[in-house]
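The values are calculated or read from the model by the stated rules, or taken from the named source; none is laboratory data. Being a predicted model, the structure only gives us computed values, none of them experimental. Using ideal geometry, Cβ is built from the backbone for each residue, glycine included, and neighbour counts are taken over all protein chains shown. Side chains are part of the model used for accessible areas, which takes the heavy atoms of the whole protein and leaves out ligands, DNA and RNA. Shrake-Rupley method; radii C 1.70, N 1.55, O 1.52, S 1.80 Å.
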Amino acid sequence: MTDSDADALVRAFRPDQLRGFRIGVTSDRRSEDLIAAFERRGADVLHAPAIRIAAADDDAELTADTLAIIAARPDVLLATTSYGVRRWFEAADAAGIGHELSETLAHTRILVRGPKARGAVRAAGLDDSGMSDEETTKSLVDHVLRDGAEGKTVAVQLHGFTDEGQLQRLRDSAATVLTVAPYRWSLPADSSRVLRLVDAICAGSLDAVTFTSAPAVEALFSAADGAGRLDALQTAFMGPVVAAAVGHVTAAPLVASGIEAIIPPRYRMGALIRLVCEHLEEHRIQRLSTRHGDIELRGRLVRIGDSEAVLAPLSLALFRALLSAEGAVLSRAELMAAQPDMQDDHATDVAISRLRQSLPMPGIVSTVIKRGYRIAV
């Protein structure tokens, strides 16, 4: 997180800003920062890393790829991630070839995908020659192709997910392409946390889920598909659960599935935190004036005057629907549509009874004989 990000978050910080909201976090690296930021603002957080970053399985392969790059003395290096650059130089130092790698790259034109990669390159004592326009591997490759890649040797630091399409674009332009993969993505050994996240999303008991990599989105979809709940998960993301992605590349699998993700204008962790806070406050708080007082629903927390209560998922879905109707009558069929787990009129009546018991004061939900239920405005 940059200093400007931190300053902006301090200015925007309020300890009750996210009170009542529940947020899912799918990232592995730096998840502590993300979780702490949300919890300091009053949110409950469900952490379920969908993928993990792991060092390369075999440093012998990493060393061999590094030696090939040193021998080739590439014309261009594409540095994609700060962690990858740091891990690469650490592994080279451990193999006793760190000095040779630095000497080679000192004469190489280095292009970086974003500010973090730039920082890692400069921390290694090197200078870059430019940054991608959109902080994507594609825009890095565009940069190389604009300048002419024919006959050049291009080294690419991979970032856990190999974009073969971009590598092929370089090869098609008659460039020689060398790659080095300092780390890889891996699925978590224990999938139970991810499956709990899937269940929570499908139940609508989360207000937002954050993503910091496209492979994490794809891993979550794969876990949901394996559990037979992919359609329900994607439907939830189109309804009560907000998908928040750190950038357009991360959001691509969401968009491809018809899910409209929120994305900060600057692809930074601090900007993502601020966007989630602002979006939930602006779009996910329901308010209604009634004869019993002003009702405010913040995530799972309902406030009526000075009284408040936390609603269970089924009661929450029903109460959201009734609030959205703003006092209009909803039939049992309409309420069943808001919560597919209710299969008949009796189940709906039982669920409404439980909702009434959960609310901080009686009389909020009225029965309209032979028609349904409504908020008593």
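When every residue of segment 47-65 is checked against the conditions, at least one turns out to be within 30 Å of residue 302 (Cβ to Cβ) and of a type in the set (A, V, I, L, M, F, W, C).
Candidates in segment 177-223 are the residues that are at pLDDT 90 or above, surrounded by fewer than 19 Cβ atoms within 10 Å (Cβ to Cβ) and closer than 30 Å to residue 153 by Cβ; of these, the one that is farthest from the chain's Cα centre (by Cα) is 178. Looking only at segment 154-176, which residues are open to solvent by less than 10 Å² (accessible area, probe 1.4 Å) and charged (D, E, K, R)? Hits for segment 154-176: nothing passes.
Cβ-Cβ distances below 6 Å connect the following pairs, each with a first residue in segment 172-200 that is free of Cβ contacts under 8 Å to residues at least 40 places away in the same chain and in a helix (DSSP H, G or I), a second residue that is surrounded by 16 or more Cβ atoms within 10 Å (Cβ to Cβ) and basic (Lys, Arg), and a separation of six or more residues or different chains: 198/229. Selection of first residues in segment 262-291 that are in contact (Cβ under 8 Å) with a residue 40 or more places away in the chain and of second residues that are among the aromatic types (Phe, Trp, Tyr) and surrounded by 15 or more Cβ atoms within 10 Å (Cβ to Cβ), restricted to Cβ pairs under 8 Å at least 6 apart or on distinct chains, gives the following pairs, ordered by first then second residue: 273/38; 276/38; 280/21; 284/21.
If the condition is being of a type in the set (A, V, I, L, M, F, W, C), open to solvent by 10 Å² or more (accessible area, probe 1.4 Å), in contact with a Phe, Trp or Tyr (Cβ under 9 Å, 6 or more places away or on another chain) and not in a helix (DSSP H, G or I), then segment 226-275 contributes 246, 261.
Only residues that are over 11 Å from the mean Cα position of the chain (by Cα) and of a type in the set (Val, Ile, Thr) were counted in segment 250-278, giving 2.
Among residues of segment 129-144 that are within 15 Å of residue 115 (Cβ to Cβ), those with a Cβ under 8 angstrom from a residue that is among the hydroxyl-bearing types (Ser, Thr, Tyr) and open to solvent by 50 Å² or more (accessible area, probe 1.4 Å), sequence gap 6+ or separate chain, pair up as 135/267. Of the numbered criteria (1) in contact (Cβ under 8 Å) with a residue 60 or more places away in the chain; (2) under 26 Å from the mean Cα position of the chain (by Cα); (3) at negative phi, the one residue 153 fails is (2).
Per the listing 244, 219, 223, the residue uniquely over 30 Å from residue 350 (Cβ atoms) and in contact with a strand residue (DSSP E or B) (Cβ under 6 Å, 6 or more places away or on another chain) is 244.
Of the set (1) open to solvent by 30 Å² or more (accessible area, probe 1.4 Å); (2) under 23 Å from residue 217 (Cβ atoms), all apply to residue 151 but (2).
Looking only at residues in segment 10-25 that are exposed (fewer than 14 other Cβ atoms within 10 Å of the Cβ) and assigned to a helix (DSSP H, G or I), the one that is modelled with the lowest pLDDT is 10.
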